[in-house]
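Everything on this sheet refers to the single structure shown next.
The values are calculated or read from the model by the stated rules, or taken from the named source; none is laboratory data. Given the structure is predicted, the values throughout are model-derived calculations rather than measurements. Backbone-built Cβ (ideal geometry, glycine too); neighbour counts: all protein chains shown. The protein model used for the area step is the full one, side chains on, heavy atoms only, and it has no ligands, DNA or RNA in it. Shrake-Rupley method; radii C 1.70, N 1.55, O 1.52, S 1.80 Å.
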Amino acid sequence: MLEQTTVHTTHTNTYPDVVGALEAAPEARATTMPATLSTIRHWMVISAALFVILALLGICMRLIQGDVLPGEQSWFYPLMTLHGDGMAGLWFVAAMACATEALRKHVRASNAVAVFALAGTVVGVALLLVSVLVGRFAAGWYFLYPLPLHGEWPAWSAVTFLLSLTVLGATWLIWSLDMLRAVAERYSLPHALGWHYLRGESEPAIPPAVIIVTVSMIVNVVALVAGVVTLVLFYFQLLTGSPVDALLMKNLTFLFGHTLVNLAMYLALAAVYDALPAYAGRPWKANKIVAISWNSVLLIVLLAYFHHLYMDFVQPGTLQYIGQIASYAASLPAAIVTIFGALLLVYHAPMRWTLASVLFFLGLMGWAIGGIGAVIDSTIVANVRLHNTLWVPAHFHTYMLAGFAMIAGYFYHCGRRSADVDLAAESVGAYQAVILNWLVAGACGFLAMFYLGGAYSVPRRYAVYPVELAHGTAYALWAGAFAAVFLIAAVLCLIEVMASWRKEAAVGEERPAGHPTPIGAPAAAHADH
Amino acid sequence: MRTTSGRRVGAACVLALLAAAAGAQADPSVAVSRAEGRLLHRRVPDVPLHLADGRTVPLSSLWQDKPLLVTFFYRNCHGICSPFLAWIRNAVREDDGLGRNYRILALSFGEQDTVADMRSQGEALGIDDPDWLFAIADREALARVIEALEFWYRPDPATGQYDHTALLVAVEDGRVKRALVGGAGFAERFPVMARELRGEFIRSYAVPAQTAWRCFSFDPVTGRVSVDWGLLILQTAWRCFSFDPVTGRVSVDWGLLILGLPTLTAMTVTFGIFRRGPRRR
Ligand code: HEM
């Protein structure tokens, strides 16, 4: 039996938990609908476990590069493939899970699909593990054609890898389509995309999370269909022996891979849009600018991937310029609007700094920093120097770690809400503040080593650095140490996140209004509620 | 009205561009075959050669200061040898690079051929250039070169002739830099090879008829890039238009950019899903 809840299309449920929402509420039109099954807790457990394991693999790689594990060098590339694919996939599903949860109070997704998404992901990951750990498949996370078919690994491991991607791709495609269907059940397409804001109308109030998820799901279909075409062409060559065009494959692969990881960030942002207002004590409403920015993402995000092909001289020059322009443009709507939007939300707000809101803020900060690294790298003149150096993992690790911060924050937020605690009564305790400081310190050190390596031309994807690149070995060693600090802090943080679901868990101390929290902001929330 | 005609003009321009691009489709004859690809970077054995002028020199001495073009023939051939050598002579004259950019060795694989036959072959072709050499080699030495360059030949007892392929190999510093196997398309391909021997960077060689759905074709002779079918599979900013050959009318189907299969699918799916409008408030 499904739980029955009453839902109103009002400011109150559009911006729940938000001070002032109640007063702004017009007369409610009540309907009854069954709430969608929440799978967020399962996703949290899976994500936390996989994150720790995959991060451990990352540390192993850094130690191999640092010459500390000389006997394990032959494992570098299988580990790199598992780590890369695992993390990218995990990031996507965790962000999807958060976005689905954020939309649960607005739209009704299918329970069957929610369970199917979990099961399909588990099967896909199992196939990936077999391919890499048993078959030692090692073509890297984006399995660039024709490498999977020409490696030293057995053919079956390449096929298992492709099958794993097929299962994951099909599962996620169905999941995305169901999200779109759920949105379509409640909103018309122009409303879901916020087009009425462009006409200057402010009703109906559409939560920004709905706009972001709608845009992301449409683009997601493009990415996943591109992935399907890529896989079909791989199978075509496997079956007929007739090779396909390498340039086409590279375009398709990055249209799939680049777009998918971009969307993971957008989905995590949808969750932040949903939850941050609860701590800022004011709504984060959609408006004309939000609508324009997220609608422009629809096109821009599909064109930015061209920056992966700067070194492919056979790619027509026009597309290279489009790639650079789109990469710059991509940072304007989503990044600038969202980051400034978040800053404006927090500025002079009665902000409640809990583990969730601090993680959201750190996540947005990391996104901004990693984004600058990405924009530098997508500038053609700079890319000539930085292409395939450690600068690339430097920038994407920055915003991917940032993405995980947002996701962990959202899990924590869901935990506290499900434990039915008064969010207004919470703040970051001293213990959590210490963990957060170590987390940031570890991450900064680990990332700095990547950036330094990139700036000093250390190539990426080298299991062992030759003597000419001895500085790369030193950076790797330091990075390994910083990453270990980061991981210990991350595990402690994840324990806090898991514990947040326990009803009796009391986090932070109650403080009188205006008293500074360890993070330094006034915990004025009490005054508002 | 103006919008429609404006669209038509736009579409016609796109059509013209695409037609021009299609005209510049890479010539398959400039392609590199698998057999040729296999030879690339192969080391050529250094064996002694007996030249037409009576000298005996190591093969390596011929590629020391400039690249060497090697071809095979036999004096008594009634088939391709003489036309092929004549063709190389003409192509080389046209290119005007002999002696400056490369030297040529025509190596005989005929068992009966002598140094005198080498001289007469040169005379028959009207070739008298110190950088164009005719030579024979001892059987064992010849076998090593022939094996390294995968030159195929077989005596035919019925005619007393040899069945064999035509081969022209460019060797630089003892390694194969480029090879042309079989006679087809030599006229177009030799100039490209000569440019490469001059040190020019040839951006790509097509792989003929082995590639399905490529995105763009690149013609190494003209340096032009043209659009190919793969592009339709891919999302790209290309216009979708239809052309009616009877009326000559060009019309824009979607009016805007077509964004290829994935994007079209996503659009169709999105509109399909949202078609019925909201069912719940
Ligand atoms: C403690 C955390 C982490 C550590 C120590 C770590 C370490 C590494 C290392 C050493 C590499 C190979 C760099 C090279 O090319 O030389 C790598 C690659 C990669 N990492 Fe991480 N990483 C961590 C977290 C993450 C996260 C959170 C994500 C994504 C959400 C991620 C995604 C990737 C991807 C996609 C690659 C590229 C793999 C490839 O080139 O095929 N990593 N990581």
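Tabulated data for the structure shown
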quantity	calculated
Exclusive hit being farther than 22 Å from B:PRO191 by Cβ and not hydroxyl-bearing (Ser, Thr, Tyr), set B:LEU40, B:LEU69, B:LEU85, B:LEU49	B:LEU49
Matching option when the condition is within 14 Å of the ligand (Cβ to nearest atom), modelled with pLDDT under 95 and not small (Gly, Ala, Ser), among A:VAL464, A:VAL491, A:VAL497	A:VAL464
Test: residue in the stretch A:176-198 that is in contact (Cβ under 8 Å) with a residue 40 or more places away in the chain, within 21 Å of the chain's Cα centre (by Cα), surrounded by fewer than 23 Cβ atoms within 10 Å (Cβ to Cβ) and within 14 Å of another protein chain (Cβ to nearest Cβ)	yes
Residue in the stretch A:511-525 that is modelled with pLDDT under 95 and assigned to a helix (DSSP H, G or I) present	yes
Residues within the stretch A:199-219 that are under 21 Å from the mean Cα position of the chain (by Cα) and either more than 8 Å from chain B (Cβ to nearest Cβ) or charged (D, E, K, R) (or both), tallied	11
Test: residue in the stretch A:228-238 that is open to solvent by less than 10 Å² (accessible area, probe 1.4 Å), in a helix (DSSP H, G or I), away from every other protein chain (no Cβ under 12 Å) and touching a residue at least 24 places away in the same chain (Cβ under 8 Å)	yes
Flag for A:LEU364 being away from every other protein chain (no Cβ under 14 Å), of a type outside the set (Val, Ile, Thr) and more than 12 Å from the ligand (Cβ to nearest atom)	yes
Test: residue in the stretch A:270-282 that is touching a Gly at 6+ places or on another chain (Cβ under 7 Å), open to solvent by 10 Å² or more (accessible area, probe 1.4 Å) and under 30 Å from A:ALA356 (Cβ atoms)	yes
Complete set of residues in the stretch A:374-407 that are among the polar types (S, T, N, Q), open to solvent by 20 Å² or more (accessible area, probe 1.4 Å) and more than 9 Å from the ligand (Cβ to nearest atom)	A:THR379
Checking B:PRO191 against (1) in contact with a helix residue (DSSP H, G or I) (Cβ under 7 Å, 6 or more places away or on another chain); (2) open to solvent by 40 Å² or more (accessible area, probe 1.4 Å); (3) within 14 Å of chain A (Cβ to nearest Cβ); (4) modelled with pLDDT of 85 or more, the condition it does not meet	(3)
Hits in the stretch B:151-198 (condition: of a type in the set (Gly, Ala, Ser) and under 17 Å from the mean Cα position of the chain (by Cα))	B:ALA166, B:ALA170, B:ALA179, B:GLY182, B:GLY183, B:ALA184, B:GLY185, B:ALA187, B:ALA194
Odd one out for A:ALA286, checked against (1) closer than 17 Å to A:PRO207 by Cα; (2) away from every other protein chain (no Cβ under 14 Å); (3) part of a helix (DSSP H, G or I)	(3)
Any hit, the stretch B:113-134, residues being in a strand (DSSP E or B), in the same structural domain as B:VAL44 (by TED's automatic domain parsing), modelled with pLDDT under 95 and in contact with a Phe, Trp or Tyr (Cβ under 8 Å, 6 or more places away or on another chain)	no
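Matching residues to (1) free of Cβ contacts under 8 Å to residues at least 12 places away in the same chain; (2) within 20 Å of A:SER176 (Cβ to Cβ); (3) more than 13 Å from the ligand (Cβ to nearest atom):
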{"position": "A:GLY66", "(1), (2), (3)": "no, no, no"}
{"position": "A:TRP75", "(1), (2), (3)": "no, no, no"}
{"position": "A:THR81", "(1), (2), (3)": "no, no, no"}
{"position": "A:PHE92", "(1), (2), (3)": "no, yes, no"}
{"position": "A:THR100", "(1), (2), (3)": "no, yes, yes"}
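Here's the yes/no breakdown for (1) within 16 Å of the ligand (Cβ to nearest atom); (2) open to solvent by 20 Å² or more (accessible area, probe 1.4 Å):
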position	(1), (2)
A:SER110	no, yes
A:SER164	yes, no
A:GLY200	no, yes
A:ILE212	no, no
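Yes or no, residue by residue, for (1) aliphatic (A, V, I, L, M); (2) modelled with pLDDT of 95 or more:
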site	(1), (2)
A:THR9	no, no
A:ASN13	no, no
A:GLY20	no, no
A:ALA25	yes, no
A:LEU37	yes, no
A:HIS42	no, no
A:PHE51	no, yes
A:LEU57	yes, yes
A:LEU69	yes, no
